[in-house]
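Since the structure comes first, as structure tokens, the remarks are kept for the end.
Since every read-out is calculated from the coordinates, none of them should be taken as a lab result. Fair warning: this is a prediction, and the values are worked out from it, not measured in the lab. Here the Cβ is made from the backbone with ideal geometry for all residues, glycine too, and neighbour counts use every protein chain on show.
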Amino acid sequence: MNDTERSPLGVVRVRGSRVASYWIETLGCPKNHVDSEKLAGRLQSQGFRAAQSVDEADLVVANTCAFIEAAREESIDTVLELADHKARSARLVVTGCMAERYGDELAEALPEVDLVAGFGVDIVEPTPVALRSRSTFDLLNLPRPQRVSPWAYLKIAEGCDRRCGFCAIPSFRGDQRSRSRDEILAEADSLVSSGAREVVLIAQDLASWGHDRRRARRGEALEVLDQGGSQPIIELVKDLATRAEWVRLLYLYPSGLTDELIDTIIESGVPYFDLSLQHVSRDLLRGMNRWGDGARFLERIERIRERDPLATFRSSFILGYPGETEDDQRQLVEFLEAAQLDWAGFFTYSREEGTASASRDAHVAPELALERLREVSEIQDAISSRRRDALVGTLQRVLVDSPGRARSVRECPEIDGVVVVDPQLPVGSFAEVEIVESRGMDLVGVVK
Ligand code: SF4
């Protein structure tokens, strides 16, 4: 018997005493995963419970990603799959970056979907005004459900003040809005008290956190940071390091990596540097409207290694950006050989509407971009693998994420390899292990 009914706006109402349930499918980056957790927290505060499977849920939500073409295709496929698998009476909602960026087109193209809702629309009780408005409540400050793993992402800002030539994010996430220090610390306290031993800080441009708030007060420009100006993030990391055992920072724009921030990260005990480099050719970086070049990046990496020889580095790079030449590719290859990064991700350029690069000439043929990507991936795979091998015989302190799987400070959750450990080690505990074997990107650790 169908005990669910819907109002003309698609609001979920459940007859009788049964509690309505939800299912959220999340695509894309860690930032989206935090939004989904916040959404889950809000749904729970509205009386919903998590469903065990999509077919038993009364409310099915697809939190989409619109970063590049491949991500959009995956998001659409996921929505169609959810439409196939959900109960007939269940309501299907599409939210996230695709909803924000292509709301009207999506609603028209996907008749299976009951509601396409941008950020901040209450998907349970949408009002006609909310459906059109940009933000009726702030996802950033919503409560989160109980933790199931010993680490948690903590989003400290939304949006971005930069305008990189390939990136459409500022066009739909807006300028940077930093959360206040008090809000962040309160959320960190609540994560730690619910079992998080590690907090992973995320934002579009993490090193610029707080700058929008200060700029609003003092009229400073973002360039102050690029010239080595002081950074509110430093005090925030110090505060957080007194609360959580590990504090990890993701997405560091390279000009924001000042000496003081480097020291703060090293002193926090998690010397993990996730540098958002994108390329190393100076000409290409200027074409991307980005700071720096290979020589400057190498100089910073060396400076960090001088301070802490055990520091870990991750970065990501775009291949095939308009105007990219064989010489740019050679510079990238030389940089990778010299930098010896622990981890790196490579992506081919995706032409995004509304970005500065979309209208540029000299687009690189997709096959050539792919060929260049394969070349650098092969080089980096060999480097990453050698760096993993070199850890055999070392002692590492690891955090047990799930039975038999742990990580040291060298591995970021969900992105890097893991340390395979004894499945009897309690989840959420720390252990000292000796690395006895490397298996590709993973290591095997034995308690000493
Ligand atoms: S720093 Fe550049 S790539 Fe990153 S979100 Fe901002 S505009 Fe996009």
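Hey, which lysines would be in cross-link range of Lys155, C-alpha to C-alpha under 28 Å, not counting anything within fewer than 8 residues on its own chain?
Result set, ordered by chain and number: Lys31, Lys38, Lys238.
How high is the FRET efficiency between Gln340 and Asp84 when r is their beta carbon distance and R₀ equals 41 Å, given to the nearest 0.05?
Result of the calculation: an efficiency of 0.30.
Report, to the nearest 10°, how far helix 30-45 tilts away from the longest principal axis of the Cα atoms in the chain, using its own Cα long axis and a range of 0 to 90°.
The angle comes out at about 30 degrees.
Cα axis of helix 181-193 to longest principal axis of the chain: angle in degrees, 0 to 90, nearest 10?
With both axes taken from Cα atoms, the answer is about 80 degrees.
With n ≥ 4 as the cut-off for DSSP H runs, can you work out [θ] at 222 nm for the chain, using -39500 (n - 2.57) per run divided by the number of residues, rounded to the nearest 500?
Details: 14 runs with 158 residues, N = 448.
When only DSSP H runs of four or more count, the value is -11000 deg cm²/dmol.
Work out the length of the dipole vector of segment 35-116 about its Cα centre, built from +1 on the beta-carbon of each Lys and Arg and -1 on the beta-carbon of each Asp and Glu, and round it to the nearest 20 debye.
It comes to approximately 460 debye.
Listing Asp182, Asp35, Asp308 from the residue with the fewest other Cβ atoms within 10 Å to the one with the most, what is the order?
Asp182, Asp308, Asp35
Order these by the 10 Å Cβ neighbour count, fewest first: Arg374, Arg387.
Listed from fewest to most nearby Cβ atoms, that is Arg374, Arg387.
Work out the FRET efficiency for Glu326 and Arg386 from their Cβ-Cβ distance, taking R0 = 22 Å, and round it to the nearest 0.05. If you can, show how the numbers build up before the last one.
Numbers: r = 26 Å, r/R0 = 1.20.
So, using R0 = 22 Å, E works out to roughly 0.25.
If I fit a long axis through the Cα atoms of helix 97-109 and take the longest principal axis of the Cα atoms of the chain, what angle between them do I get, 0 to 90°, rounded to 10?
On a 0 to 90 degree scale, this one is about 40.
Placing unit charges on C-beta atoms (Lys and Arg positive, Asp and Glu negative, everything else neutral), compute the dipole magnitude of the chain about its Cα centre in debye, rounded to 20.
Value, rounded to 20: 1280 debye.
Determine the shape class of segment 142-389: with a ≥ b ≥ c the square roots of the Cα gyration tensor eigenvalues, call it rounded for a/c under 1.5, and otherwise prolate if a/b is greater than b/c, oblate otherwise.
prolate
Using 7 Å Cα-to-Cβ label points, what is the Arg360/Val444 separation (nm, one decimal)?
4.7 nm
What percent antiparallel are the DSSP beta bridges of the chain, to the nearest 5?
Approximately 35 percent, going by the DSSP bridge assignments.
Subtracting the Cα-Cα distance from 0.36 nm times the residue separation, let me have the gained length for Arg307 to Ile415 in nm, one decimal.
36.4 nm
Evaluate E = 1/(1 + (r/R0)^6) for Trp291 and Arg374, where r is the Cβ-Cβ distance and R0 equals 22 Å; express this FRET efficiency to the nearest 0.05.
On the way: r = 28 Å, r/R0 = 1.27.
Once the sixth-power term is evaluated, E becomes 0.20.
So for the pair Leu185, Val19, with labels modelled 7 Å out along Cα→Cβ, what separation do we get in nm?
Those two pseudo-labels are separated by 3.4 nm.
With point charges of +1 on the Cβ of Lys and Arg and -1 on the Cβ of Asp and Glu, referenced to the Cα centre of segment 39-83, which listed residue (Ala71, Gly41, Ser53) lies farthest in the positive direction of the dipole?
Value computed over the given set: Gly41.
Hey, fewest Cβ within 10 Å first, where do Ser230, Ser208 land in order?
Ser230, Ser208
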